[in-house]
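Asker: Submitted below is the structure of interest, expressed as structure tokens.
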Amino acid sequence: MASRVALPTPPASELFMPSKPKLKITALAGGVGASKLLLGLYEMMDPSFLTIIVNTGDDIVLHGLNISPDLDIVTYTLGGIVDASKGWGFRGETFHALKRLAVYGRPNWFNLGDRDLATHIHRSALLSEGKTLSQAADSIRIALGVKSRILPMSDSPVPTVIDSNEGPLHFQEYLVKRRAEPVVKAIRFAGVESAAPAPGVLEAIREADRIVICPSNPLISIGPILAVPQIRDELRTYKEKVSAVCPIVGGKSLKGPSDKMLAQLGHAPTALGVAKLYTDFTGTFVIDPSDKSQSAAISALGMTVAIMPTVMKTCAQKHKLARALLSLSSPSSPL
């Protein structure tokens with residue numbers, strides 16, 4: 001049976017380090033939920049040692065533009081320009097172009113801000129010129145001054161399709177247009193069988209000192225990344241380096257419909273329910289103190305359980321969780 005550890009939250013006086021850990025961290029991430037932890041890591045470590053593998057199952061083509069919501073949320077967050085109240089888009093954004101598109105009879109259910117449109121135009125232009133999604137993502141993050149590597153899970157389109165009681169829906173139609181109201185019957189990642197990990201993805205897993213699974217929806221944010229051939233197998237190989245932060249706290253998702261989707265697909269919407277989805281590739285499972293009662297059952301799955309506050313509403317909370325995860329990755333390192 002695996003061990004269980006409860007890590008105390010470091011006092012505020014310890015949040016400011018004389019030197020930041022030189023640890024190679026690779027994170028698997030979705031969008032809004034993941035970006036909070038990623039910002040904490042970005043600010044609490046040397047950001048050039050952080051590599052982020054991002055879900056692209058949410059990607060969609062609208063108005064002839066290639067839109068990559070999770071890539072943009074992560075990049076905007078680390079670039080310091082995100083609308084923190086929403087968790088996506090530019091801070092202080094306007095939507096004049098979207099209103100004009102509606103006048104022309106084009107759909108306006110997906111919010112595209114005026115400055116955000118420039119990102120999508122730039123990405124679409126690069127792709128039309130023969131560049132890859134990886135190259136486009138790198139161009140955008142460099143332009144926005146982000147020091148960490150941001151990699152799409154694959155350069156091939158792998159759209160997430162929700163098989164629902166209303167028929168098949170692209171994930172954005174399910175989440176944004178239909179506000180997660182349809183009942184989920186199954187989830188598919190179209191074309192994933194023939195997709196390959198983007199350049200650098202497998203190397204980032206192999207070379208990391210610690211791999212962090214961010215607190216993102218396990219089904220439609222982390223799930224698509226795991227479905228890309230070779231990625232899950234690579235994580236299994238380095239299981240002892242993998243720490244997964246549970247996105248469910250007290251039986252509820254902190255952001256989005258994770259709890260509802262888990263229940264509709266027959267999984268318990270609990271920390272234990274998520275742990276069962278990750279058990280084959282995760283060495284340490286991180287849960288909030290409110291779920292401490294489930295630690296023994298999670299430990300019995302063969303994972304070490306780390307108990308620490310995982311709710312991140314403030315910058316201080318993001319920093320504390322990031323520092324605790326960094327200490328897990330190298331307990332003997334001075335922090």
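Asker: Can you tell me what share of the DSSP beta bridges in the chain is antiparallel? A percent to the nearest 5 is fine.
Answerer: 40
Asker: Determine the gain in length on full extension of the stretch Arg91-Glu193; use 0.36 nm per residue of separation and subtract their C-alpha separation, reporting nm with one decimal.
Answerer: Difference between extended and current length: 33.0 nm.
Asker: Once you have the alpha carbon radius of gyration of segment 150-280, what is it after dividing by 2.2 N^0.38 Å, with N set to its residue count? Write out the running numbers ahead of the final one.
Answerer: Details: Rg = 15.0 Å, N = 131, 2.2 N^0.38 = 14.0 Å.
Ratio of Rg to 2.2 N^0.38 Å for segment 150-280: 1.07.
Asker: Quickly estimate the mean residue ellipticity at 222 nm for the chain, helices only: each DSSP H run with n ≥ 4 gives -39500 (n - 2.57), and the total goes over all residues, rounded to 500. Can you show the working numbers first?
Answerer: On the way: 12 runs with 111 residues, N = 335.
Using -39500 (n - 2.57) per qualifying helix, the result is -9500 deg cm²/dmol.
Asker: Calculate the radius of gyration of the Cα atoms of segment 9-145 to one decimal place, then report Dmax, the largest Cα-Cα distance, as a whole number, both in Å.
Answerer: When restricted to the Cα atoms of segment 9-145, Rg and Dmax are 16.8, 56 Å.
Asker: Now for a different question. Tell me, what ³J(HN,Hα) does each residue in segment 125-142 have, in order and in whole Hz, if you take phi through Karplus 6.51 cos²θ - 1.76 cosθ + 1.60 with θ = phi - 60° and put x for Gly and Pro?
Answerer: Result, rounded to whole Hz: 5, 4, 5, 5, 8, x, 6, 8, 4, 4, 5, 5, 4, 5, 4, 5, 5, 5.
Asker: Just the Cα atoms of segment 267-317, one point each, no solvent: what log10 I(q)/I(0) does Debye give at q = 0.19, 0.23 Å⁻¹?
Answerer: Each listed q maps to, in turn, -0.60, -0.81.
Asker: Working from the pairwise distances between different alpha carbons, so that the mean of 1/r is found and then inverted, what is the chain's Kirkwood radius in Å?
Answerer: Evaluated over the chain, this radius sits at 20.2 Å.
Asker: Okay, next question. Given a cut-off of under 8 Å on Cα pairs at least six residues apart, what relative contact order in percent is computed for the chain?
Answerer: That works out to 23 percent.
Asker: Among the listed pairs Lys99/Lys185; Lys99/Lys147; Lys36/Lys239; Lys36/Lys260; Lys24/Lys252, which have their C-alpha atoms separated by more than 29 angstrom in this model?
Answerer: Lys99/Lys185; Lys99/Lys147; Lys24/Lys252
Asker: What is the order of Tyr174, Tyr278, fewest Cβ neighbours within 10 Å to most?
Answerer: Tyr278, Tyr174
Rule-based calculations on the coordinates, nothing more; no lab input. These numbers come from a predicted model, not from an experiment. All Cβ positions, even for glycine, are placed from backbone atoms using ideal geometry, and neighbour counts span all protein chains on display.
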